[in-house]
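The values are calculated or read from the model by the stated rules, or taken from the named source; none is laboratory data. In this text the structure is predicted, and so the values were computed from the model without any measurement. Cβ: placed from backbone, ideal geometry, glycine included. Neighbour counts: every protein chain shown. What goes into the accessible areas is simple: the full protein's heavy atoms, side chains included, and nothing from ligands, DNA or RNA. Shrake-Rupley method; radii C 1.70, N 1.55, O 1.52, S 1.80 Å.
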Amino acid sequence: MAGALAPGGEGWSSRTAFVLAAIGSAVGLGNLVRFPAEAGANGGGAFVIFYIFCVLLIGLPILLSETLIGRHGQGSAIESMKKVAIESRASSWWSLAAGVGMVGAFLILTYYSVLAGWIVHFIGIFAGDVAHAFASGGLAQGALQDLSVDQVQGLLPALQANSSEMLAMHAIFMALTIFFVGRGVSSGIEKVAVWLMPIFFILLIAITIYGAFTGSFGAALAFLFDFEPARLLDPSVQLSALGQALFSLSLGSALMITYGAYAARDINLAKTSVQIATADTSVAIIAGLAIFPITFAALAPASLTAILDGQEQVQGGLGLLFVNLPVAFQTMPAGSLIGLLFFIMVFFAALTSSVALLEASVSWAIGRFKQPRWLVTILLGGLAFLIGAWASFSFNSQADFQPFDFMIFSGQPVFGIIDELTAKILLPTSALLVAIFVGWIADRRLIDSENGLDGKLHRIWLFLVRWLCPLVISAILLTGLFPGLLGQG
């Protein structure tokens, strides 16, 4: 059955397409590198258990709230929320909740494309290494055998110092994002999700199996799932898990409202929300079992023991992805090929996320200005590219440029300012307003007709949206703005 008619009369061709697109928008770099590192650094099993509870009690209720707003409104995130507000006899200013999230999504895209450009660069490095290894008959060996460890660790700093190459990679990735968004929902965005997400899952499972047989799988299990009950009561662990659960599902960014607008009326939003959350959480956990066996296999026994004993920290985030893993691939059998497949997998996750980030603002601009999709997409994508190009200078000679030297922005370059603004202010603010709106303001008849719940489950969901979600998201917002609340700098 055809999807709902949103801006331009477009919609998902099927329920499967909607689920895959929503999963693709949620699964990104945060799942692949941030979650594993956060889990290991914050108590392993305690973090994972608390994270799963946060997904169930916070993530799922907000996810369902956002998708039902979109499906009822059948417009951009802002227009959908405005429609629900007006039909609920509430102020149309509630649409600002979606507007804040949409701005956050657009700003995230500006630097997300820069990081994805790094992935394109590393795909090129490993593709060349595969070709070289194949020609020399050494495909079974480790990757990048012609480089020393120091040279491999210097690949990312060298890229960051080369502004022209970094901008070129940024441009390539943004052009791909513009291309698929410009083609529309069914011919572009849906095609990306339907084709790339299954391949992504196949590659993730294959690399996990590879790591289980060739890497330090036992050490990875201990690192990720070693359970320390006392850590469950640690506020820093709790807030880390809360933040990861909220943002790994792309909540507060208007993405799920936007994608919900393209969902057909016969889709049960409660069931699809569970599927989306389950897939997103599974990817985060499996990613740790794919990455850390490979990373740990390259470490000296003393270093690995110190990490497992908590005496040393694993480098997380971008360092794990672009420094530690390429070094690890040097020591792994068929390292060139595995490294190439790994970065292709990460590229797929980045592209499905970036397409969603751009679509949130494109769908609004099409409805607001009544201009062709291609024109709107090129203009907004071009603006995102320019802001990202400015932010990319944070990594080289302009790193000392700090235009907003106050509060959480103190000492931050442009790249860091955008990251702090979106993660700590815009997204949690939007998610908080959505929870308050759905829980207390929106007409119950509208909400009840869209959420796909009844009886006890409906009452539980309503309680969570009204009470627990606002309290928890407020805590994330306050501690993000004022980290001293936890006694931390």
How far apart, in nm, are two points set 7 Å out from the Cα along the Cα-to-Cβ line at Lys271 and at Trp195? 2.9
Report, to the nearest whole %, how much of the accessible area of the chain belongs to carbon and sulfur atoms, 1.4 Å probe, protein only. 67
Aspartates and glutamates near Lys82 by alpha-carbon distance under 15 Å, same-chain residues fewer than 8 away left out - which ones? Glu66, Asp443
Specify the angular offset, from 0 to 90 degrees and rounded to the nearest 10, of the alpha carbon long axis of helix 373-392 from the longest principal axis of the alpha carbons in the chain. 50
Residues of segment 80-111 with backbone nitrogen within less than 20 Å of a virtual label 7 Å along the Cα-to-Cβ line of Ser163, please, listed as ranges. 110-111
Sort Trp364, Trp118 by heavy-atom solvent-accessible area, probe 1.4 angstrom, most to least. Trp364, Trp118
Which aspartates and glutamates, if any, have their Cα less than 16 Å from the Cα of Lys191, not counting same-chain residues under 8 positions apart? Glu10, Glu359
Probe 1.4 Å, protein heavy atoms only - accessible area per residue of the chain in square angstrom: 38
When only the heavy atoms of the protein chains count and the probe is 1.4 Å, how do Asp266, Asp146, Asp443 rank by accessible area, highest first? Asp146, Asp266, Asp443
Roughly how big is the chain's charge dipole about its Cα centre, with Cβ charges of +1 (Lys, Arg) and -1 (Asp, Glu), in debye to the nearest 20? 1580
1/(1 + (r/R0)^6) with r = Cβ-Cβ of Ile441 and Glu312, R0 = 51 Å, i.e. FRET efficiency to nearest 0.05, evaluates to 0.55
